[in-house]
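Q: Got a structure for you, questions after.
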Amino acid sequence: MSSLHQSDPELFTLIKQEEQRQKNKIRLIASENYVSGAVMEATGSVLTNKYSEGYPGKRYYEGQQYIDQVESLAIQRAKDLFGAEHVNVQPYSGSPANLAVFFAFLNPGDTILGMALPHGGHLTHGAKVSISGKYFNAESYSLDQETGRLNYDAIREKALACRPKILIAGHSAYSRILDFAAFREIADACGALLLVDMAHFAGLVAGGVHPSPIPYADVVTTTTHKSLRGPRGAMIMCRQAHAAAIDKAVFPGLQGGPHNNTTAAIAVALREASTDAFKQYAAQIVKNAQALAGTLIDRGFNLVTGGTDNHLMLIDLTNKGVTGKVAAKALDAAGIVLNYNAVPYDTRKPFDPSGIRLGTPAVTSRGFKEEQMVQIGKWIDAVVADPTNTALQAEIAAMVQQLCAGFPAPGLEHLS
Ligand code: DSN
């Protein structure tokens with residue numbers, strides 16, 4: 001980054017500091033990852049200079065000789081990897097992708113039904129503070145209070161009562177596999193379209209360690225930067241019958257020119273995600289999550305649902321006498337980065353909730369395995385047991401940095 005260094009040393013320094021942070025800390029935010037150097041190069045390429053409103057072969061600006069090929073490549077790779085009939089790679093990120101789906105099929109005031117935000121759903125699945133909850137009649141389903149799991153009979157009952165036009169499956173903090181066949185049956189029973197937002201687990205689907213929603217859903221949305229390990233962006237996949245409606249909703253309905261540099265980086269990430277190495281990566285994400293979950297359960301942590309089948313876990317810290325925020329801040333000081341999170345039926349407020357959320361996509365990208373997960377679990381236990389002990393946090397932060405030095409993260413190998 002010599003040009004940036006020369007022209008804007010202030011910003012250059014901030015980026016370098018962030019590089020060091022990502023290199024030296026254990027990043028357990030369930031939605032984050034490390035992209036490869038190749039993905040980063042595509043993201044930072046000259047494709048950022050080009051406008052291309054429209055779709056391959058039908059654009060509103062000239063000069064698309066290469067951009068059309070880039071976008072077609074991204075689309076074809078997504079189709080091949082996920083088995084989708086139609087793919088739109090232009091949504092700027094997950095929230096616009098979900099909004100485009102609503103714009104394609106709904107009128108203001110129509111009913112949607114999704115997982116409640118405090119129970120692990122996403123803002124864009126109908127939370128009242130989001131456009132999805134303001135423009136539409138957003139109903140929600142909750143987790144079972146006893147088990148912390150989805151109760152498909154209760155979802156069915158709710159769906160039959162409120163008759164949504166779109167039923168949404170997907171989450172940002174649920175540690176179990178979704179039953180897509182059950183969601184399909186419920187959608188059919190109430191005459192709804194089924195939208196699956198697989199942003200969190202798209203990499204697990206690509207790697208074959210999570211069932212695919214594609215055979216069941218009318219529309220599948222995903223971000224590309226979480227477990228899928230691509231650039232910040234999104235895709236919408238759908239049945240051919242919905243292709244025209246989805247494309248029209250993205251452009252010209254919601255967005256202008258696509259971010260071609262991102263499209264190229266998505267294509268690169270999809271190629272990486274179709275390799276055997278990625279299959280092993282996806283399997284290791286789950287093994288690592290289970291190893292970390294087991295270590296924490298052995299130390300008395302209360303995992304919502306009692307464990308994990310995917311890349312994440314949600315922990316209710318009430319029995320530890322620590323709030324999620326206090327724990328998250330103490331852990332950050334100890335070099336372990338995660339987020340505080342509401343737990344189902346939380347009695348505390350979202351900005352100061354009872355839980356923390358942890359995920360393994362990023363640490364698995366840097367090559368951590370079960371052994372390192374057990375070590376991380378022990379460090380988490382020590383910090384949470386004594387969250388005001390800044391000496392302990394500094395001691396653990398030094399050990400974290402030492403551990404990380406032995407596992408260069410993708411895209412940051414040049415710092416080793
Ligand atoms: N912000 C993402 C997450 O952390 O789950 C969801 O969009």
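Q: So if each residue of separation counts as 0.36 nm, and I subtract the Cα-Cα distance between THR275 and GLN145, what length gain in nm does that give? Walk me through the numbers on the way to the answer.
A: Details: separation 130, 0.36 × 130 = 46.80 nm, distance 4.01 nm.
Here the answer is 42.8 nm.
Q: Rank SER95, LEU11, TYR55 by how far each Cα sits towards the positive end of the charge dipole of the range 1-121 (+1 on Lys, Arg Cβ; -1 on Asp, Glu Cβ) and give me just the farthest.
A: About the Cα centre, the residue reaching furthest to the positive side is LEU11.
Q: Rg to Rh for the chain: what is it, with Cα atoms only and Rh by Kirkwood?
A: Rg/Rh: 0.97.
Q: Given the chain, what percent of its DSSP beta bridges are antiparallel, to the nearest 5?
A: 55 percent
Q: Report the Cα-based extents of the range 32-95 along its three principal axes, largest first, to the nearest Å.
A: Principal-axis extents of the range 32-95 (Cα, largest first): 35, 30, 23 Å.
Q: While we're here: Sorting check: for 203-214, 43-54, 355-366, which peptide has the highest mean count of neighbouring beta carbons within 10 Å, and how do the rest follow?
A: 355-366, 203-214, 43-54
Q: So, one more: Run the paramagnetic zone check for ALA243: 7 angstrom along Cα to Cβ, then residues of the range 74-117 with backbone nitrogen under 11 Å.
A: Backbone N within reach: 85-88.
Q: So, one more: Using DSSP to define loop residues, name the chymotrypsin sites (Phe, Trp or Tyr not before Pro) in the range 330-359 whose beta-carbon has at most 16 other beta-carbon atoms within 10 Å.
A: Numbers: sites: TYR340, TYR345, PHE351; in loops: TYR345, PHE351.
Those satisfying the criteria are TYR345, PHE351.
Q: May I ask for the distance between the Cα centers of the range 25-94 and the range 342-416, given as a whole number of Å?
A: With the range 25-94 and the range 342-416 each reduced to a Cα centre, they are spaced 31 Å.
Q: With labels modelled as points extended 7 Å from the Cα through the Cβ direction, what inter-label distance (nm, one decimal) is found for LEU14 paired with ILE131?
A: 2.6 nm
Q: Moving to a separate point now. What number, rounded to the nearest 500 deg cm²/dmol, is the helix-based mean residue ellipticity at 222 nm of the chain, given -39500 (n - 2.57) per DSSP H run of at least four residues and division by all its residues? Walk me through the numbers before you get to the answer.
A: On the way: 16 runs with 178 residues, N = 416.
Using -39500 (n - 2.57) per qualifying helix, the result is -13000 deg cm²/dmol.
Q: Measuring from a point 7 Å past the Cα of GLN65 along Cα-to-C-beta, which residues in the range 254-291 have an amide N at less than 20 Å?
A: 260-261, 264
Computed from the coordinates by the stated procedures, all read-outs in this text should not be read as laboratory data. Just so we're clear, the structure is a prediction, and the values are computed from it rather than from any experiment. Here Cβ is always computed from backbone atoms with ideal geometry, including for glycine, and neighbour counts include all displayed protein chains.
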